[in-house]
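Values quoted throughout were computed directly from the atomic coordinates according to the rules given, and no laboratory measurement underlies them. Just so you know, these numbers come straight off a predicted model, no measurement behind them. Heads up, the Cβs are rebuilt from the backbone with ideal geometry, glycines too, and the neighbour counts pull from every protein chain shown.
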Amino acid sequence: MSADLDRRGIRDEMDQARQTFHRLLDHATDADLRRRSEGTKWTNEQLLFHMLFGYLITRALLMIARIFGRLPDSAGKAFARLLDAARRPFHLINYLGSCAGARIIPYSHMRSSLDWVITALEASLETEHDATLRRGMNYPTTWDPFFTGYMTLADLYRYPTRHFEFHREQLTLTDAK
């Protein structure tokens, strides 16, 4: 099995992120949650939601990649160009969505939400055939620093943890690092 299909490694990464997220939530004070994060306009609570959202959105990204992975490459390229053209509204929606999301799923419910989505992603990963994990599609490279021009399903399973680790460095919680 190639490195990009290292299911155990992907699961281990997700489980480590889950443990880190639990620790962050366990030690966050109300003052910590209200404090601004570093390098974003979000508070720590909003950024924690955004980190959770990276896992939640991965389920939709996988579905889209499964569809486009079966279509001609030109369809995926056209879709990626269309999404790249919509980057300004995407970034605004991404920002406002995390502001609203932290109100809808407050930090007191984020732990169970992350546990649920990681469990679902790990179960999905175990049912994927190797050939399916190698299939992928073109992605908009201006939407997220962890999107590359072409991403396989294996890449997408690794995406939320990379996104999580990047944003963890921006938290200004007392016990963020």
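Values as computed for the structure displayed
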item: Nearest 10 degrees, 0 to 90: helix 87-104 Cα axis against the chain principal axis; result: 50
item: For segment 77-116 versus segment 39-67, the gap between their alpha-carbon centres in whole angstrom; result: 5
item: Coil-residue trypsin sites (Lys or Arg not before Pro) of segment 38-128, DSSP, other Cβ within 10 Å capped at 12; result: Lys41, Arg70
item: Fully extended contour minus Cα-Cα distance, from Arg23 to Ser108, at 0.36 nm per residue; result: 29.3 nm
item: MRE, 222 nm, helices only [DSSP H, n ≥ 4, -39500 (n - 2.57), over the chain, to nearest 500]; result: -23000 deg cm²/dmol
item: Residue with peak Gaussian network fluctuation, the chain [Cα springs, cutoff 10 Å], from Gly136, Gly76, Gly149; result: Gly149
item: Selected from Trp42, Trp116, Trp143 as most flexible by GNM, with the chain as the system and alpha-carbon contacts under 10 Å; result: Trp116
item: For segment 43-164, convex hull volume per residue from C-alpha positions, Å³; result: 93
